[in-house]
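Taken together, the values in this text are just the output of simple stated rules run on the coordinates, not laboratory data. Nothing here was measured: the structure is a model prediction, and the numbers come from that model. Here the Cβ positions follow ideal geometry from the backbone for every residue, glycine too, while neighbour counts run over all protein chains shown.
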Ligand SMILES: C[S@@+](CC[C@H](N)C(=O)[O-])C[C@H]1O[C@@H](n2cnc3c(N)ncnc32)[C@H](O)[C@@H]1O
């Protein structure tokens, strides 16, 4: 499948959003503890682009940070608002995208956890987003950004999983890689989400995904080219450990140069 120009990609609709919270409850992944430690010295406001349903944003609020978040998925944002409200928080949350988000005042730090940055599936667009991050940071401000490395493009992309929803529905996901472009380092997948109730299929949602994967040196150069000074790259959320080929995530810590 090659995606047509008007296909909505990386949508994170209602079943995807429901599964996201079943699959990744607060603290289930090692990244939150790592990000909290890396942000410990940050005093000012922090922006989390692609904040989703608040898996990272809520624990950071609970740690006393001043968080602002945005995400294009209304379903993910609704969940984020509800989870914040349950805990007595009402941070600024808005429906925006990496490509054109905008705020009037700069942030002390920008945090992009897990694979969200790879959802920018085009090289030039990704560089423009890094420049937008730069424009939204104070001088010396921290960009803390995870990427999933190229190994993800080399993998089959096959995914078959199931979850039981809070109301007892069976939720299933079947993912298939539909295209891989090795020159552009870009992969397309089709995710089929289904909701089953009393042995009957009651809802299906198809979500085309497109992601661009980065090499370690390539992303380091991209940061330098967009006005950042790279301070550290960590593999597998093991603080102080340089990346290894087997790492499923690389974390870049960079500061805005004047
Ligand atoms: C893997 S989730 C990450 C959520 C959250 N940051 C976390 O730590 O769990 C990826 C999020 O990226 C959002 N997203 C997809 N396309 C985007 C875009 N163009 N700009 C900003 N966010 C986008 C999705 O809606 C989804 O909520």
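Numerical summary
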{"item": "Protection-proxy order for peptides 98-106, 169-177, 47-55, each taking the mean of Cβ atoms within 10 Å per residue, highest first", "result": "47-55, 169-177, 98-106"}
{"item": "Cα→Cβ-extended label distance, 7 Å offset, between residue 244 and residue 202, nm", "result": "4.5 nm"}
{"item": "Taking the chain and dividing mean pair separation by its residue count, relative contact order in percent (alpha carbons under 8 Å, at least six apart)", "result": "19 percent"}
{"item": "P(r) weight above 11 Å for the stretch 46-86, C-alpha pairs, percent", "result": "58 percent"}
{"item": "Nearest-ten-degree value, helix 216-225 long axis tilted from longest Cα axis of the chain", "result": "50 degrees"}
{"item": "Kirkwood Rh, angstrom, the stretch 41-109 [1 / mean 1/r, Cα pairs]", "result": "12.0 Å"}
{"item": "Percent of beta bridges antiparallel (DSSP, the chain, rounded to nearest 5)", "result": "75 percent"}
{"item": "FRET E, pair residue 232, residue 192, Förster distance 51 Å, beta-carbon r, rounded to 0.05", "result": "0.85"}
{"item": "Computed helical MRE - 222 nm, the chain, DSSP H runs ≥ 4 contributing -39500 (n - 2.57), nearest 500", "result": "-7000 deg cm²/dmol"}
{"item": "Peptides ranked, highest mean first, by Cβ atoms within 10 Å: ranges 137-144, 85-92", "result": "137-144, 85-92"}
{"item": "Computed lengthening from residue 23 to residue 181, 0.36 nm per intervening residue step minus Cα-Cα distance", "result": "54.0 nm"}
{"item": "Cα→Cβ-extended label distance, 7 Å offset, between residue 9 and residue 257, nm", "result": "3.0 nm"}
{"item": "Rule-of-thumb Rg ratio for the chain [Cα; 2.2 N^0.38 Å; N residues]", "result": "1.00"}
{"item": "Helix 14-23 axis, angle to the chain major axis (alpha carbon atoms, nearest 10°)", "result": "70 degrees"}
